[in-house]
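Here is the structure we will look at.
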Amino acid sequence: MRTQSLAKIAVVGMVGVLALTACSNSKKSGSGLGGGASSSGATSGGTYTIAFEGPLSGDNQQLGINEVNAAELAVNQANAKGDLGFTLKLLKADDVGDPSKAPAAAAQVLQDNTVMGVIGPSFSGATKAVGNTYGDAGLAVITPSASNGTLQTLGFKTFHRIIPNDNVEGTQGADWLARKGLKKVFVVDDQSDYGKGVADAVQSELKAKGVTVTRSSVDAKTTDYGAAAQSVKSSGAGALFYGGYDAQAALFAKALKAVSYTGITAGGNGVKSSVFTKGAGDAGNGWYFTCGCLDATIATNAKQFTADYTKAYNTPPSTYSPEAFDATNALIQAIKDAKSKGSVTKASVLAAVNAVDYQGITTEVKFGADGEPAGATTVSLYTQKAGQIVSVGLLKDQS
Amino acid sequence: MTDFLNYLILGLTRGSMYALIALGYTLVYGVLQLINFAHSEVFMSGAFGSYIIIHAVVGDGKSLPWFGVPLVFILGLGSGALTGAVIAWSLERVAYRPLRRRGAPKLAFLISAIGMSFFLSQLAGKLFNRFTNNQFPTYFQQNRRVLSIAGADVSVIQLTLIVTAVLMMLFLDRLVSGTKLGRSIRGVAEDAPTAALMGINIDKTISRTFIIGGALGGAAGFLFGTAFTFSNIMGFLPGVKAFAAAVLGGIGNIRGAMIGGLLLGVVENLVPTAPWNGHAWIGIGWTDVVAFVVLVLVLVVRPSGILGERLGRAA
Amino acid sequence: MKTGFFSSPHVKRLAGCMALAFVLALMIGNQEGSQDDYGLAFRQAIFSPRIILFIAIGLLVFAAMTFWPYITPYLLRPGVRPLAVGGITVLVSQTLLKWSDDGRTGNGKFNSVASKAANTDGLAPMAKLFFSNYLGWILLLVTFGLGAAAILLSLRALAWVAAVLGVVGGIWAYTSQAAVRDFLGTPDHSTGGGVALIGYLTLAAAALATALATGDIADTRAFVNRLLAWRPGMPLVVLGLIVGVIAFVQATWFSPQGSNQTLTDTKNFFQGNGLANLAYQYLAWLGYVLFIATLLTAAAASYLRHKILGWVAAGLGTVALLLSLITMYDMTDLAAAAGVDGATGPWQNLGSGAWMACAAFFVLAGAGLVVATLGGRDEQDESAPAEAPAARSSDTLSRGFSAPGSSKVFLFVILATALFYPPTATGFWQKVLVSEIGIYVLLAIGLNVVVGWAGLLDLGFIAFYAIGSYTTAYLTGALPYKPPSFLHLSPLLAIPFAIAICLLAGVALGAPTLRLRGDYLAIVTLGFGEIIRITANNNPGNITNGPKGAFGIPHPRIELGPIKFVWGQNNLQYWYLLLVLIVIVVLLFRRLEASRLGRAWAAIREDEVAAQATGINTTRVKLLAFAIGASTSGVAGVFFASQIGYINPENFVLNNSILVVAYVVFGGMGSLPGAMAGAAVLTWLPEFLKDQVPAEDRQMWIGAVVLLMMIFRPAGLIPAKRRAAELRGLNRSSSAEVGAVPEGEGMGARA
């Protein structure tokens, strides 16, 4: 009984649906080949989006947050200046720093038709997973931190990075250590793509120079560096090179101090940051850092960046924040260039990125044909003195 | 020999941390036969809780009078324990008790605890920060040498960690074996329905077990943070290791957790670095592999851990 | 503390609710802590005016809990459940879902689109009206309020009004979104309008239920059952009707850059452009005719329960489906060849309409099939024997719905969705589907064997996935050590090898550890997972390339003489491959569950000693569980490696192992549909949350959802039948603490 009446109602409802959908659609007019209304009355002026892809959640999220905040700051500053002639938006795509999650993040980026360039991916692994995806889409990619030495050789058509790759840094660092006349050097990596890359480069170059190398690795998630420090000390090595990131290096430095290790201690680009100096404190004094970057004291606006960042995010800029800031500003510059030359499309922005020459706070952003930073072969040496990182000079001049 | 002793001391330090955390796993396992996966976040919360208190008291802590150091240390220990206890208690109320009421399958508890663990760790990240390098104010010279055994130095912090951990473990051992609360815990562990018939309030006993385990975990968080660093994701790895330590010693067995923790810490420091001259045969990179292989070997020989299960029933 | 005040249940409950409000205040909002000031985020959350909102929420929850007994009678009235579901659905569509994919509409959500659309000249006036002055919200409130009032006051007239409003509102919402889409003229995949339509129709149904109610107490299940039983296959016919009407009348068929063309537009577009005649005729009239013919045949077959008509409908639907596909291929191929702006190749640029037409034909054919394969009339009246196969299946999905053919109805709906929904989704969701959801569904199916059926807790399952992936990398020559080049395999050919190696690994892990019970086994498997990952990372002898990972694993390809099929960047190709893999595995495992081995697993899960006593070789059976579970994840590994093209040890961290266990338990241990649903939901959720909460907080929300789910539905989304029996009391005494715990107050004790 009841079901029957329900059925009737369903039929009536369906007829209603049919009628209404049919009516609502009758206004529409067909359009010929290539036609189609594409007016954009809903918004005014050009809005272009800069996408950021990096780890915003998961274990490495702080690295991504450091970068995305800096990128956001750059975008906000550019918008606030008001001389762009267009509006910039930032799209945050979280890839968890995981190559398997990166394709989805890249798809999210590519889905937005206003995206003109990508800052990221933060990690080399994620870059390997999506480099071709971005390349096929013709979307310019500038990574602030993926430094693996093979990325430029993998045929990613739109890949750029603003930091020198591991091999350059590691090789010159090893040469420098070898010039010190050391017999034995201890090389430790953090089992990450970056750390292992640098450490491998250092190790092979040292071996080539006839220096004995003891190699060890400590998982980056470890907090207890006691055994590692003790090993360095027991080995009697004249120097330690740590391939890894700043927070871990700070712990390592403290542990080394606890066992009163007296040899030379050095790290790569990933170590040279305020996170290290703050974390290691006194224990960090005397550490050396090899870095293919400009002396931050030259760039006057670096201080301004620190102040702005701190104001916006209640916390000072951290690992790779300045690099991300530079990368974003370089991309903004490229969009501006593209606009001044005509239209802003993915292709024109890519061309502009390839040709960009932007004076950033960490480096002069300029790319070689393979997307490597131009002039990346000049590696400088820095050291920590009384809690501050100071420049020693070009690495190849040091003895 | 000196080097060997150095590694041994490092191992004991790390092991005592593992043991303290493992006690939390083992206590809960004893009464509920459940792995409390969120215990690692209790441990984490202890570090943050004690940091806030210590930072409020000493600021940067550079100019502390000599008698202030132990006071601040005890304050930190206490606040860490308190935070841990509060978090563990809420954990039981939110993630365990409702499921017990519904007679959930055992694995559901595991998953609710995992959910809680994600939640707590990320909430702490949102509230405080997500850096992995937070440090306590330096209110004492951690690396000063206090003891020298056959050329191997023991620093203040190492001695403090080991002594504090051992004291707390002794205290817990007395608590469980000697007091009325301890008897009710053991009663519930042994046979919950019978214990209920004997007039033990099971809900309360379980709650208190969580509180005790949480206090120990929170205190361990403070000690760990003092010795190394702390962060919102600091709990996961020590948590896994401590769980392994608890199983190694015989889960549900308090003394087993202590022995398992110390053993695991020592093994982790001695085996990968052998022969202790800096040129390791195995290498520190294999530490976790060594730890788990030892665990498997022990379990193959003794399927319920070194000391077996005692607090809980052997099924 | 023993004073009456503090032990009063009300005080405790209030405290709990306030704690809830406090935690919510901490969770929601943009406040982020700082290393320099640990109290900052606290103060932002607590000492700002919005805390009042959260306290109000807390008080509301408190009131709801306290007055629950008074509310309950009303909640049992007919229509309440659909009313709530419909209201929430519309609410979700207007708060969480996107109403436009176009970057020009802000974040694309309802409020953002509405604010833009309300000021846009040239938008269809009805749509403009809908988006202006909060009319969308008012409509929802009025419809919901009328429905609620009708239920509370049992006013039939009001209910009719609400029902009409619901239908009108739904259609209005849907067409308004369509108008925006047409106006913007970009390909659009947003779901807001469609979901709002469903929600409003549910509201209408709720109102109808009230209007037609005969009793005071709702019996939704019996009602749905009656609906399903009324005419077998009829739900499918209705579904086909709705989907088909939308497809043929309103939806986009062809959308190269800058246009959304309905079927008639598409016809005009291709008129005289040399489209193959059949395809052109399909666009012009054949499609409509086929649809109506299939629909009528299926409806008649279903109404008359006529088997032969059923077969006819099934055949007609199949033919129509094939014709649709041919047309779709022809027109996209032609468009790309003719250089239409934005047309990129065959199968590209298709709007949702074409795929919806396919879905409609599929569903209608399914309806015909349901009727055609039905037992005789006599059998249906005593439906028990006819339902015996379904009853034996592991899940409780169709348990309540015992109408004949209802499990087939569900199956066809799910299949239609799996086949024809993904092409209409955005590139992002397609990617998520193939690179996360699908793979984890496969993994969860595998782990379900170990955890759900055999009852062995495995916290290192991801290790087998790693082994499968690295095996693929080796066989395709992406690792430092390569097989001789003539042996380089296509990834698909690597599947048997991966299965074999994972089987061996499963046995290798199982053999030494089988003496261990539950939690000891858990930690050992966890250790195994870590050992595999660390070994891959430490790279002894340079076999795995360490953290650099294996790059350049080729895409799958099939080359069998004339048949040549190469997978590339297209997600859909992977999706259909994955679907085939999943279907094969599911079919195999369904057989397995009911087999002797499946029953042996159940036996050792329940009581190992007793199982042994009944002559089950527990060692062999457990090893088989490990090996079979492992081999499934080996398949997943092959698929993953070749799809992403790059693997490194970071993909195989411990967290992923734990997550897979969580998927299985979340979905319902031991139930195949459960494990699949659990994995799908929990891998979908983080990606969905990307649009809802700050990325940094996603894991926090996932944790909260998992926690709530376990509190309120500890047996999982779709509990296994056997397990459900345990929960209901067959095996209650096995966990003695549970029975011994007295009733008391607790935050989760109610609701």
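Listing for the model above:
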{"quantity": "Gyration tensor (Cα) of the protein assembly as shown, equivalent ellipsoid semi-axes in angstrom", "calculated": "52, 41, 31"}
{"quantity": "Radius of gyration and Dmax over the Cα atoms of segment C:494-543, both given in Å", "calculated": "12.9, 36"}
{"quantity": "Theoretical FRET efficiency, 1/(1+(r/R0)^6), r = Cβ-Cβ of B:Asp173 and C:Arg599, R0 45 Å, to 0.05", "calculated": "0.45"}
{"quantity": "Members of A:Lys128/A:Lys196; A:Lys81/B:Lys126; A:Lys257/A:Lys385; A:Lys92/A:Lys303; A:Lys92/B:Lys126; A:Lys233/B:Lys62 lying beyond 24 Å, as alpha-carbon distances in this model show", "calculated": "A:Lys81/B:Lys126; A:Lys92/A:Lys303; A:Lys233/B:Lys62"}
{"quantity": "Fewest-first ranking of B:Met169, A:Met116, C:Met18, using other Cβ atoms within 10 Å as the exposure measure", "calculated": "C:Met18, B:Met169, A:Met116"}
{"quantity": "Long-range Cα-Cα pairs in segment C:647-693 (distance over 17 Å), rounded percent", "calculated": "44"}
{"quantity": "Per-peptide average of other Cβ atoms within 10 Å, ordering C:202-209, C:299-306 highest first", "calculated": "C:202-209, C:299-306"}
{"quantity": "Along each principal axis, Cα extent of segment C:4-66, largest first, Å", "calculated": "43, 21, 15"}
{"quantity": "Rg to Rh quotient for chain C, alpha carbon positions, Kirkwood Rh", "calculated": "0.97"}
{"quantity": "For segment C:111-157, the Rg and Dmax computed from alpha carbons only, in angstrom", "calculated": "14.6, 44"}
{"quantity": "Gap separating the Cα centres of segment C:131-169 and segment C:613-682, nearest whole Å", "calculated": "47"}
{"quantity": "Coarse-grained scattering of segment B:144-251 at q = 0.09, 0.13, 0.14, 0.23 Å⁻¹, given as base-10 log I(q)/I(0) from a Debye sum over alpha-carbon atoms", "calculated": "-0.35, -0.66, -0.74, -1.29"}
{"quantity": "Other protein chain Cβ atoms within 10 Å, averaged over every residue that makes up B:132-140", "calculated": "5"}
{"quantity": "Too-long pairs where the Cα-Cα distance tops 26 Å, listed order kept, from C:Lys408/C:Lys431; A:Lys278/A:Lys311; B:Lys106/C:Lys721", "calculated": "C:Lys408/C:Lys431"}
{"quantity": "Sequence-distant aspartates and glutamates (8 or more away, or on other chains) whose Cα lies within less than 16 Å of A:Lys346", "calculated": "A:Asp112, A:Asp136, A:Asp337"}
{"quantity": "Axial C-alpha extent at least 24 Å, average Kyte-Doolittle at least -0.5 - helices from chain C (DSSP)", "calculated": "C:9-27, C:135-153, C:156-184, C:192-212, C:287-304, C:307-337, C:352-372, C:491-513, C:518-538, C:571-594, C:618-644, C:672-689"}
{"quantity": "Ordering of B:151-158, C:362-369, C:511-518 by burial proxy (mean other Cβ atoms within 10 Å per residue, highest first)", "calculated": "C:362-369, B:151-158, C:511-518"}
{"quantity": "Simple spin-label estimate for A:Ser260 and B:Asp60 in nanometres, 7 Å along Cα-Cβ", "calculated": "2.7"}
{"quantity": "Hull-based mean projected area of chain A, where the convex hull spans the alpha carbons, in square nanometres", "calculated": "27.5"}
{"quantity": "Footprinting exposure proxy for A:Phe289, C:Phe565 (fewest neighbouring C-beta atoms within 10 Å first)", "calculated": "C:Phe565, A:Phe289"}
{"quantity": "FRET efficiency, 1/(1 + (r/R0)^6) with R0 60 Å, evaluated for A:Leu154 and B:Asp191 via beta carbons", "calculated": "0.40"}
{"quantity": "Rounded Å value of the spacing that divides the Cα centres of segment C:582-604 and segment B:133-184", "calculated": "53"}
{"quantity": "Share of alpha-carbon pairs per 10 Å distance bin for segment B:8-56, given as whole %", "calculated": "23, 37, 33, 6"}
{"quantity": "Those lysines that a straight Cα-Cα span of less than 18 Å connects to A:Lys180, excepting residues fewer than 8 apart in one chain", "calculated": "A:Lys207, A:Lys209, A:Lys396"}
{"quantity": "Between helix B:106-127 and chain B: long-axis angle, C-alpha atoms, 0 to 90°, nearest 10", "calculated": "40"}
{"quantity": "Cα point-scatterer Debye curve for segment B:15-233, base-10 log of I(q)/I(0) at q = 0.09 Å⁻¹", "calculated": "-0.39"}
{"quantity": "Separation in nanometres of the label points that stand 7 Å from Cα toward Cβ, at C:Ser48 and A:Ala312", "calculated": "1.8"}
{"quantity": "Set of lysines near C:Lys128 by C-alpha distance (under 20 Å), chain-local residues within fewer than 8 positions excluded", "calculated": "A:Lys27, A:Lys28, C:Lys98, C:Lys109, C:Lys116"}
{"quantity": "Formal net charge of residues neighbouring C:Thr472 (Cβ-Cβ distance under 14 Å; K, R +1; D, E -1)", "calculated": "+2"}
{"quantity": "Taking N as its residue count, the alpha carbon Rg of segment C:144-249 over 2.2 N^0.38 Å", "calculated": "1.26"}
{"quantity": "Kyte-Doolittle mean at least -1.0 and Cα axial length at least 15 Å: DSSP H helices in chain A", "calculated": "A:2-26, A:61-81, A:124-137, A:166-179, A:193-208, A:246-258, A:321-341"}
{"quantity": "Alpha-carbon centroid distance for the pair segment B:230-288 / segment C:268-303, whole angstrom", "calculated": "70"}
{"quantity": "Peptide C:238-251 - average C-beta neighbours from other chains (10 Å radius)", "calculated": "2"}
{"quantity": "Shape metrics for segment C:413-559, restricted to C-alpha atoms - Rg then Dmax, Å", "calculated": "17.6, 51"}
{"quantity": "Share of pairwise Cα separations in segment C:1-111, more than 24 Å, in percent", "calculated": "55"}
{"quantity": "Residue exposure sequence - C:Cys17, C:Cys502 - by fewest surrounding Cβ within 10 Å", "calculated": "C:Cys17, C:Cys502"}
{"quantity": "Estimated dipole of the protein assembly as shown in Debye, rounded to 20 [Cβ of Lys and Arg +1, of Asp and Glu -1, Cα centre]", "calculated": "2720"}
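Computed from the coordinates by the stated procedures, all read-outs in this text should not be read as laboratory data. Keep in mind the model is a prediction, meaning the values are calculated, not measured. Note: ideal-geometry Cβ built from the backbone for every residue, glycine included; neighbour counts use all protein chains shown.
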